[in-house]
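Structure first, then comments.
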Amino acid sequence: MPSAQPLIARPGGKLTGTARVPGDKSMSQLALILGALAVGRTSIRGLLDGTDVRATAAAVRALGATVIHHDDGLWTVDGIGVGGLMEPARVLDLGNSGTGAGLLIGLVATHPLTAIFSGDAALVRRPMARVLQPLEMMGAQFTGRRGGLLPLAVTGAALPMPIDYHLPVASAQVKSAILLAALNTPGTTTVVELHPTRDHTERMLQNFGARVTIEAGRIEIEGQPELTPAALDLPADASSTAFPLVAALLLDGSDITLLNVGLNPRRAGLFTTLEEMGAQIDILNPRDSGGEPVGDLRVRASRLRGVTVPPERVIDDAPILAVAAAFASGITVLPGVGPIASIAQGLAACGVQVAVDGDTLTVHGAGGPVPGGARIRADPDPRIAMAFLVLGLAAKTPVAIDDAATIDTSFPDFAGLMRGLGADISAGTI
């Protein structure tokens with residue numbers, strides 16, 4: 001067993017300077033996969049060099065593409081074309097990446113080969129049945145444990161069939177798996193979603209030359225295109241941006257700029273909520289990058305106030321938003337929160353008054369620094385570890401996490417980037 005990597009965050013001065021956080025994890029995985037299906041070489045900058053993305057890169061190599069990580073941070077993918085996948089000689093181990101597993105299962109489902117997917121202890125407990133159901137309709141066959149649990153053998157359809165699929169629940173992962181399966185399926189495949197989900201897949205497919213049309217929640221994709229290679233500069237991940245951004249809001253005198261941040265409207269829930277709470281966030285140099293809106297964010301220390309978040313706004317960034325709420329004046333109500341138990345227990349350990357009702361978290365803000373002084377179990381979710389390190393920077397007394405290893409899945413060198421802005425985060429514990 002690897003040894004634990006405890007980190008401690010100590011209250012300190014203001015944050016200043018400029019930084020660029022790692023690229024969006026889902027877009028990084030999509031870029032590798034679509035690069036493998038293009039004819040020619042795709043170059044990718046800003047790709048997240050985390051364990052989940054590396055697992056996806058290894059799987060793409062096993063399926064026949066050439067993927068190289070260059071010394072200057074550039075990644076290149078020499079694609080093999082739609083329909084050109086090779087049958088992998090070994091199990092495709094996706095580690096902890098549910099996104100990578102879902103995307104690649106969709107990709108393989110319409111290629112005449114068999115691939116076996118597995119992952120770590122957490123991933124093999126994550127049911128994939130919702131992803132598998134529409135792919136079975138397209139002709140794929142699956143052999144595995146009940147509920148679609150990994151390890152899972154996927155036998156792709158020799159004669160895949162296009163489908164018209166209405167998503168029973170909002171799921172960007174299911175939608176994306178179908179769209180990737182549709183690439184090697186003759187005819188037109190349609191996905192209908194009643195509620196909009198993240199649309200990175202549709203945007204990136206169009207950027208690679210796929211024929212995708214979108215109208216009123218109806219997404220149509222024509223199969224068997226020839227994808228053209230792309231030169232991508234991936235946006236900084238909006239969720240990862242949240243951690244230095246909230247730290248700057250909470251530390252008096254802070255003034256930082258975060259570069260090339262993804263501003264996709266379907267990922268803007270956190271920024272909208274923080275602005276409603278009184279955050280000073282200015283968008284500089286707004287522009288388009290590979291079909292995605294991006295901009296540089298100037299963030300200054302702000303006095304926050306509690307809000308009630310509308311239930312239709314998805315709270316993917318609940319841990320760090322709950323930390324912001326702890327320092328705000330008044331009460332913040334967050335519906336649809338996950339992982340709610342870890343957030344609530346951690347806040348309570350740091351002296352914050354919280355209440356849990358089902359999946360709704362209510363945070364009674366202190367209107368300033370909270371006590372802190374806790375040692376937090378990092379949890380498999382890296383958002384917990386990073387959120388409570390941010391809390392420790394602005395609390396009255398330090399906060400530690402028991403193991404920082406989980407952070408590497410989504411934000412490698414998080415502590416280093418934060419130190420570069422002036423944060424006091426170092427190895428150690430309470």
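If I go through segment 165-193 residue by residue, how many of them are under 24 Å from Glu292 (Cβ atoms), hydroxyl-bearing (Ser, Thr, Tyr) and in a loop (DSSP other than H, G, I, E, B)?
Looking only at that region, the number is 1.
Please verify whether Val131 is part of a helix (DSSP H, G or I), surrounded by 23 or more Cβ atoms within 10 Å (Cβ to Cβ) and of a type in the set (Val, Ile, Thr), treating the condition exactly as stated.
In short, yes.
Would you confirm whether or not segment 142-152 contains a residue that is farther than 21 Å from Leu227 by Cα, of a type in the set (Lys, Arg) and surrounded by fewer than 16 Cβ atoms within 10 Å (Cβ to Cβ)?
Within segment 142-152, one or more residues are farther than 21 Å from Leu227 by Cα, of a type in the set (Lys, Arg) and surrounded by fewer than 16 Cβ atoms within 10 Å (Cβ to Cβ).
Can you pull out the residues in segment 377-409 that are basic (Lys, Arg) and surrounded by fewer than 21 Cβ atoms within 10 Å (Cβ to Cβ)?
Arg377, Lys396
Residues in segment 262-270: is at least one touching a helix residue (DSSP H, G or I) at 6+ places or on another chain (Cβ under 6 Å), surrounded by 17 or more Cβ atoms within 10 Å (Cβ to Cβ) and over 30 Å from Asp408 (Cβ atoms)?
Checked against the condition, which is being touching a helix residue (DSSP H, G or I) at 6+ places or on another chain (Cβ under 6 Å), surrounded by 17 or more Cβ atoms within 10 Å (Cβ to Cβ) and over 30 Å from Asp408 (Cβ atoms), segment 262-270 yields no hits at all.
From the list Pro196, Pro151, Pro162, Pro225, exactly one residue is touching a strand residue (DSSP E or B) at 6+ places or on another chain (Cβ under 7 Å), in contact (Cβ under 8 Å) with a residue 60 or more places away in the chain, part of a loop (DSSP other than H, G, I, E, B) and not aliphatic (A, V, I, L, M). Which is it?
Among Pro196, Pro151, Pro162, Pro225, only Pro162 is touching a strand residue (DSSP E or B) at 6+ places or on another chain (Cβ under 7 Å), in contact (Cβ under 8 Å) with a residue 60 or more places away in the chain, part of a loop (DSSP other than H, G, I, E, B) and not aliphatic (A, V, I, L, M).
Taking Ser329 as the residue in question, decide whether it is farther than 19 Å from Asp403 by Cβ, in contact with a helix residue (DSSP H, G or I) (Cβ under 7 Å, 6 or more places away or on another chain) and polar (S, T, N, Q).
no
Which pairs do you get when a residue that is β-branched (Val, Ile, Thr), found in segment 248-275, comes within reach of a residue that is not in a strand (DSSP E or B), reach meaning Cβ atoms under 6 angstrom, with the pair 6+ apart or on two chains?
Hits for this filter: Ile256/Leu15; Ile256/Ala248; Ile256/Leu421; Val261/Thr241; Thr273/Val309.
Tell me, please, whether a residue that is in the same structural domain as Val131 (by TED's automatic domain parsing) and over 23 Å from Arg287 (Cβ atoms) can be found in segment 228-240.
Within segment 228-240, not a single residue is in the same structural domain as Val131 (by TED's automatic domain parsing) and over 23 Å from Arg287 (Cβ atoms).
Which of the residues that make up segment 70-91 are touching an Asp or Glu at 6+ places or on another chain (Cβ under 9 Å) and either surrounded by fewer than 14 Cβ atoms within 10 Å (Cβ to Cβ) or in a loop (DSSP other than H, G, I, E, B) (or both)?
Gly73, Gly81, Val82
Against the condition over 18 Å from Pro265 (Cα atoms) and in a strand (DSSP E or B), how does Ile320 come out, does it pass?
Spelling it out, it is not the case that Ile320 is over 18 Å from Pro265 (Cα atoms) and in a strand (DSSP E or B).
Can you find a residue that is more than 14 Å from Gly306 (Cβ to Cβ) and more than 24 Å from the chain's Cα centre (by Cα) anywhere in segment 357-366?
Yes - at least one qualifying residue is present in segment 357-366.
Conditions (1) buried (at least 24 other Cβ atoms within 10 Å of the Cβ); (2) outside the structural domain of His111 (by TED's automatic domain parsing); (3) closer than 21 Å to Gly84 by Cα, marked per residue:
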residue: His166; (1), (2), (3): no, no, no
residue: Ala170; (1), (2), (3): no, no, no
residue: Ala177; (1), (2), (3): yes, no, yes
residue: Ala182; (1), (2), (3): yes, no, yes
residue: Pro186; (1), (2), (3): no, no, yes
residue: Leu194; (1), (2), (3): no, no, no
residue: Thr201; (1), (2), (3): yes, no, yes
residue: Glu215; (1), (2), (3): no, no, no
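Pick from Arg313, Arg383: which is assigned to a helix (DSSP H, G or I), among the basic types (Lys, Arg) and not assigned by TED's automatic domain parsing to the domain that holds Leu47?
Arg383
Would you call Val67 β-branched (Val, Ile, Thr), assigned to a loop (DSSP other than H, G, I, E, B) and crowded, with 19+ Cβ neighbours inside 10 Å?
no
Considering only residues of segment 291-310 that are outside any loop (DSSP other than H, G, I, E, B) and over 18 Å from the mean Cα position of the chain (by Cα), which is surrounded by the fewest Cβ atoms within 10 Å (Cβ to Cβ)?
For segment 291-310, the residue satisfying everything is Thr308.
Are any of the residues in segment 332-351 outside any helix (DSSP H, G or I) and over 29 Å from Gly262 (Cα atoms)?
Yes, segment 332-351 contains at least one residue that is outside any helix (DSSP H, G or I) and over 29 Å from Gly262 (Cα atoms).
Only one residue in Gly84, Gly40 is closer than 23 Å to His111 by Cβ, modelled with pLDDT of 95 or more, touching a Ser or Thr at 6+ places or on another chain (Cβ under 8 Å) and not assigned by TED's automatic domain parsing to the domain that holds Ser410, so which one is that?
Among Gly84, Gly40, only Gly40 is closer than 23 Å to His111 by Cβ, modelled with pLDDT of 95 or more, touching a Ser or Thr at 6+ places or on another chain (Cβ under 8 Å) and not assigned by TED's automatic domain parsing to the domain that holds Ser410.
For Gly95, state whether it is modelled with pLDDT under 95, of a type outside the set (Ser, Thr, Tyr) and part of a strand (DSSP E or B).
Considered against the rule, which asks whether it is modelled with pLDDT under 95, of a type outside the set (Ser, Thr, Tyr) and part of a strand (DSSP E or B), Gly95 comes out as no.
Being at pLDDT below 95, under 18 Å from Met204 (Cα atoms) and not in a strand (DSSP E or B): is that true of Thr56 here?
no
The values are calculated or read from the model by the stated rules, or taken from the named source; none is laboratory data. These figures come from a predicted structure and were not determined experimentally. Reconstructed Cβ throughout: ideal geometry from the backbone, glycine too, with neighbour counts over all protein chains shown.
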